[in-house]
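The values are calculated or read from the model by the stated rules, or taken from the named source; none is laboratory data. A quick note: this is a predicted structure, and the numbers were derived from the prediction, not measured. Note: ideal-geometry Cβ built from the backbone for every residue, glycine included; neighbour counts use all protein chains shown. Heads up: the accessible areas ignore ligands, DNA and RNA and are worked out on the full protein's heavy atoms, side chains in. Shrake-Rupley method; radii C 1.70, N 1.55, O 1.52, S 1.80 Å.
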Amino acid sequence: MRVVLIAGARPNFVKIAALKAALSGRSGVEVLTVHTGQHYDDEMSAAFFRDLEMDEPEWNLGVGSGSHAVQTAGVMTRFDAFLDEVATDMVAVVGDVNSTVACSLTAVKRGIPVAHVEAGLRSFDWEMPEEINRLVTDRLSSLLFTPSRDGDENLKKEGRPAEAIHFVGNVMVDTLLRFRDKAAQANVLGRLGVAAGEYAVLTLHRPRNVDTREAFVGLLDAFAEVAGRIPIVYPMHPRSSRTLTEAGLLERAEAISGLMMTGPLGYLDFIELEARARFVMTDSGGVQEETTVLGVPCLTLRPNTERPVTITEGTNTLVGTRGYTRWRSWALRTSARAVGRTRVRTDR
């Protein structure tokens, strides 16, 4: 049986690392990896394969960046050509990026079954492109592998058959636990000049937060206030960097005392940076999960989350961004108190 794993963006690489490890050496199973090229530069792509000890993908579609429509269409066209050349028994997709829905749709129209790993997650927010990708992918998939029990319930409410739904736990957690000790050997804190427990980490990439000048102005004002209490390390996503530059805000951001902006970090560096932080501010779903496992307080700069288990069982708090008042007060309070490192109980 030939299974084709699809990866397009950084979170996908972390997930397929666990899948490749699980499938490696299985009798009668051949695994091929297709990298769509949605994330394509060294920091956003190649560095992750090195950190995760994975061979380079057998195929790279090289789709690059573009609008949602352009990127999705590009992946579909190039993956369709791949399927002309390579006989495929099953396509396995992960997460909720454009590559996920594009390859799912292409495969299903050819009669190739699709397995979705990380199925059933819902933010119930149709302004999120990822929510549309999740819903469409889950409707197309023959096998639905859920990371948490709320995913099972969401899929059942949407009419998906019970026999297609399989609760398997979170593959990002599998990868995190596999590489945690190795990440601890990284000297990222020394290179950045910060001490454990004496800094916060910030990540942003959601369009709602970073695609407009208006949104970024309010965020920068709030970051300046928080950074006055505790240094903030901000590994900047290229999307954020582009908006800051185009909106004429880059110098304003660089002038904030205590805000340390870096380029994207590799997987091992970022895991160690998260693990030693006083707290993390993010709009990323994966970071909400990682901080829960690491026992680090997480302030999610969104009005909703598709990962409610990180709130009910973990260290995550939804603080939103509207007016920036609520989450800023949370950040200021969190920066003022000592934070324990109690590992929470998580399902695998």
R213 passes all but one of the listed conditions (1) charged (D, E, K, R); (2) crowded, with 21+ Cβ neighbours inside 10 Å; (3) in contact with a Leu (Cβ under 8 Å, 6 or more places away or on another chain); the exception is number (2)
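Can you say whether G95 is within 19 Å of the chain's Cα centre (by Cα) and open to solvent by less than 50 Å² (accessible area, probe 1.4 Å), as far as the supplied structure shows?
Details: within 19 Å of the chain's Cα centre (by Cα): yes; open to solvent by less than 50 Å² (accessible area, probe 1.4 Å): yes.
So G95 fits the description; yes.
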Has the stretch 274-294 got at least one residue that is surrounded by fewer than 23 Cβ atoms within 10 Å (Cβ to Cβ), of a type in the set (D, E) and free of Cβ contacts under 8 Å to residues at least 40 places away in the same chain? no
V29 is checked against (1) open to solvent by less than 60 Å² (accessible area, probe 1.4 Å); (2) without any contact (Cβ under 8 Å) to a residue 40 or more places away in the chain; (3) under 17 Å from F270 (Cβ atoms) and fails just one. What number does that condition carry? (3)
When (1) outside any helix (DSSP H, G or I); (2) open to solvent by less than 30 Å² (accessible area, probe 1.4 Å); (3) touching a helix residue (DSSP H, G or I) at 6+ places or on another chain (Cβ under 8 Å) are applied to V226, the one that fails is (1)
Are there any pairs, at least 6 apart or on different chains, whose C-beta atoms fall under 6 Å, with the first in the stretch 188-199 and more than 14 Å from T262 (Cβ to Cβ) and the second in a loop (DSSP other than H, G, I, E, B), and if so, which? A196/R276; G197/R278
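I'd like the full set of residues that are among the aliphatic types (A, V, I, L, M), open to solvent by 30 Å² or more (accessible area, probe 1.4 Å) and in contact with a strand residue (DSSP E or B) (Cβ under 6 Å, 6 or more places away or on another chain), limited to the stretch 243-272.
Those that are among the aliphatic types (A, V, I, L, M), open to solvent by 30 Å² or more (accessible area, probe 1.4 Å) and in contact with a strand residue (DSSP E or B) (Cβ under 6 Å, 6 or more places away or on another chain): M260, M261.
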Which one is surrounded by the fewest Cβ atoms within 10 Å (Cβ to Cβ), of the residues in the stretch 69-86 that are in contact (Cβ under 8 Å) with a residue 40 or more places away in the chain and out of contact with any helix residue (DSSP H, G or I) (no Cβ under 6 Å at 6 or more places or on another chain)? V86
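Being touching a helix residue (DSSP H, G or I) at 6+ places or on another chain (Cβ under 9 Å) and open to solvent by 50 Å² or more (accessible area, probe 1.4 Å) is the filter here, so list the residues in the stretch 180-204 that pass it. Can you show your working first?
Of the stretch 180-204, the ones touching a helix residue (DSSP H, G or I) at 6+ places or on another chain (Cβ under 9 Å) are 180, 182-189, 191-192, 194-196, 199-204.
Answer for the stretch 180-204, where residues must be touching a helix residue (DSSP H, G or I) at 6+ places or on another chain (Cβ under 9 Å) and open to solvent by 50 Å² or more (accessible area, probe 1.4 Å): K182, Q185, N187, R191, A196.
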